[in-house]
Amino acid sequence: MLAAMLLGCSGAQQHPAGEADRAQAHTDAGIAAGSAAIAAAMSRSHHAGSAADRDQYRHPVETLAFFGFTPTMTVLDVGPGAGYYTELLAPALAKDGLYLATNRQPPSTAAEPSAHHWTPYEGERFDALLHAEPELYGKVQVIRVDYEKPLLNLDGKVDMVLLMREVHMMKNWGTLDTWLREIHRALKPNGILGVEDHRAASGANPEETVTKGYLPEAWVIEKIEAAGFALAGKSEINANSRDTKDYPNGVWSLPPSFQSGPDYTPGDALDRAKYAAIGESDRMTLKFVRVADRAAR
């Protein structure tokens, strides 16, 4: 770097940057702008309380920068839960990008088969978040889907899809293959799939560990690559060596759930201090790129 600066000052002939260098500089500038936008959203008053408490475990600025997030993208957040990433991405994308999020169709009656999934966490709470602050979330587009038979109708329109702690649930529900096909269709050529999920021990049996919320990293990579994606990178941003992965109610014993066992009911006793000291789970953070010339299986 210093030598290049000295050459520039001495009037030595400078070679124009190549196309690859210019493209990389443009990408780096976009990612830097994205990081700044996420950091700004984290500092706003709407991101406070229990959501802000998660920042120390979820490292949103670093995680999204690793995925390559920029504020001009169209981003699809699959299964946003109570809206942790919604609070950050919606404001960051409001000016020059677009934030899309999936949510269920609310059941018209409690007797509908999907009604047991329409819980304050899974459906109502997210919709309430959007309606409470329209100045922040007025541009958000909600994609209503049947989570058992997902259909996105977003063919080739999305730059980045996020599966934040969703793959283990899709595996448990038996819908992972269907979701990966829909995501492959939704992404533009070379679009990005960002995955963060609870990591089982290496070599563990996914059929056993997934019931506790964990999946082996190698299994996740193999499964997603078989669906028409290429692994572009792995990060330890969200690793946690304190997670022993052997709790009464699996990963749900850890914060923020603090559930005491498989027969948990609200109000059950739990040594919260013990699990709070562990923190959130040990998580894999994986970046995939849609392979343009390969059909999803």
* To do: Considering only the range 38-76, state which residues are without any contact (Cβ under 8 Å) to a residue 60 or more places away in the chain, of a type in the set (S, T, N, Q) and touching a Phe, Trp or Tyr at 6+ places or on another chain (Cβ under 9 Å).
  => none
* Structure fact -> Among the residues of the range 165-215, the number that are at pLDDT 95 or above and of a type in the set (Phe, Trp, Tyr) is 2
* **Residue in the range 270-283 that is crowded, with 21+ Cβ neighbours inside 10 Å, modelled with pLDDT of 95 or more and within 23 Å of Leu187 (Cβ to Cβ) present** => yes
* Taking the range 17-44, which residues are of a type in the set (Lys, Arg) and either closer than 16 Å to Lys95 by Cβ or at pLDDT 95 or above (or both)? -> Arg44
* In the range 204-223, the residues that are surrounded by fewer than 17 Cβ atoms within 10 Å (Cβ to Cβ) and among the acidic types (Asp, Glu) -> Glu207, Glu208, Glu222
* **Selected residue (only one of Arg185, Arg199 is more than 24 Å from Pro60 (Cβ to Cβ), of a type in the set (Lys, Arg) and buried (at least 17 other Cβ atoms within 10 Å of the Cβ))** => Arg185
* Structure fact -> the range 45-114: helices (runs of 4 or more DSSP H) wholly inside it with 1 or more residues that are at pLDDT 95 or above are 55-58, 60-67, 84-93
* Structure fact -> Filtering the range 127-147 for residues that are modelled with pLDDT under 90 and part of a loop (DSSP other than H, G, I, E, B) leaves a count of 3
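The values are calculated or read from the model by the stated rules, or taken from the named source; none is laboratory data. All figures in this text were calculated on a predicted structure; none of them were measured in a lab. In this analysis, Cβ positions are derived from the backbone assuming ideal geometry, glycine residues included, and neighbour counts consider all displayed protein chains.
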